[in-house]
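Structure first, commentary second.
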Amino acid sequence: MALSTFVYLRNVNNLSDARYAAGMGVDLIGFKLSPLNSESLNPEQFKEIAAWISGVKIVGEFDDMHAEAVAGQLKHYELDYLLIHDVSQLHAFAQLGISLILNVPMDGQSEDQLRSTINYASGTVDYFLLESAQTIFEAEDLASIKAIAHSYPVILGTGITGHNATSIVEDLGLEGISLQGASEIRPGYKEFDEIATILELLEVD
């Protein structure tokens with residue numbers, strides 16, 4: 001199974017999402033691992049789920065935990081990437097020896113401000129995850145995303161739908177897209193409608 005674009009499924013905390021995403025050929029799966037978040041996996045749960053998936057890179061998602069606190073957790077997990085949120089701790093995270101993805105909120109930021117943050121982290125971070133509270137972008141926002149993506153490896157984590165999933169990467173010159181997992185309704189039971197629709201549209205022979 002393969003997808004036509006790079007896909008990062010984040011906020012995963014259950015086997016159903018992880019197995020489905022890996023089987024569909026996503027590139028990155030991000031697991032909730034912060035011990036301060038009640039929806040996170042503990043080390044034993046993580047190991048059980050990770051044993052069922054292959055061919056995909058694993059991202060550790062520790063919410064807003066400081067680099068020092070995350071460092072103390074890493075002995076419990078085998079990770080390929082860390083998703084970080086605080087650019088002021090960039091160099092502390094870089095010392096941990098794991099590839100980084102920087103979450104960059106777009107709301108209230110001009111293109112120049114976004115570029116300043118991204119340029120500062122460029123060379124230390126592998127990917128930039130752009131997110132917004134908006135689900136529909138104005139033309140000006142799309143132009144800013146396109147301009148930034150022309151110079152940096154941008155993964156867009158907002159506004160991805162079944163209507164635009166096949167075109168938005170090419171139109172904006174993105175590195176890829178990011179989708180969000182959700183908690184199980186009950187153990188072993190998941191609704192895959194939205195994620196499945198998008199991934200099936202991206203599926204190639």
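The values are calculated or read from the model by the stated rules, or taken from the named source; none is laboratory data. Keep in mind that what you see is a predicted model, and the values were worked out from it rather than measured. Positions of Cβ are backbone-derived with ideal geometry, glycine not excepted, and every protein chain shown enters the neighbour counts.
In this structure, does residue 141 turn out to be surrounded by fewer than 20 Cβ atoms within 10 Å (Cβ to Cβ), out of contact with any strand residue (DSSP E or B) (no Cβ under 9 Å at 6 or more places or on another chain) and at pLDDT 95 or above?
On the way: surrounded by fewer than 20 Cβ atoms within 10 Å (Cβ to Cβ): yes; out of contact with any strand residue (DSSP E or B) (no Cβ under 9 Å at 6 or more places or on another chain): yes; at pLDDT 95 or above: no.
The answer is no for residue 141.
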Kindly state which helices (runs of 4 or more DSSP H) lie completely within the range 37-103 and contain at least 1 residues that are without any contact (Cβ under 8 Å) to a residue 12 or more places away in the chain. 43-50, 67-73
Could you figure out which of (1) exposed (fewer than 15 other Cβ atoms within 10 Å of the Cβ); (2) touching a Phe, Trp or Tyr at 6+ places or on another chain (Cβ under 9 Å); (3) of a type outside the set (A, V, I, L, M) isn't true of residue 34? (1)
Could you go through the range 3-20 and let me know if any residue there is more than 23 Å from residue 86 (Cα to Cα), without any contact (Cβ under 8 Å) to a residue 60 or more places away in the chain and β-branched (Val, Ile, Thr). no
Take residue 177 and tell me if it is modelled with pLDDT of 95 or more, buried (at least 20 other Cβ atoms within 10 Å of the Cβ), of a type outside the set (Ser, Thr, Tyr) and in contact with a strand residue (DSSP E or B) (Cβ under 7 Å, 6 or more places away or on another chain). yes
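Any residue that is more than 24 Å from residue 150 (Cα to Cα) and loosely packed, with under 11 Cβ neighbours inside 10 Å - is there at least one of those in the range 98-112? Give the steps one after another, and end with the answer.
Kept after step one, since they are more than 24 Å from residue 150 (Cα to Cα), are these residues of the range 98-112: 98.
Within this subset, residues satisfying the condition of being loosely packed, with under 11 Cβ neighbours inside 10 Å are none.
No, every residue in the range 98-112 fails to be more than 24 Å from residue 150 (Cα to Cα) and loosely packed, with under 11 Cβ neighbours inside 10 Å.
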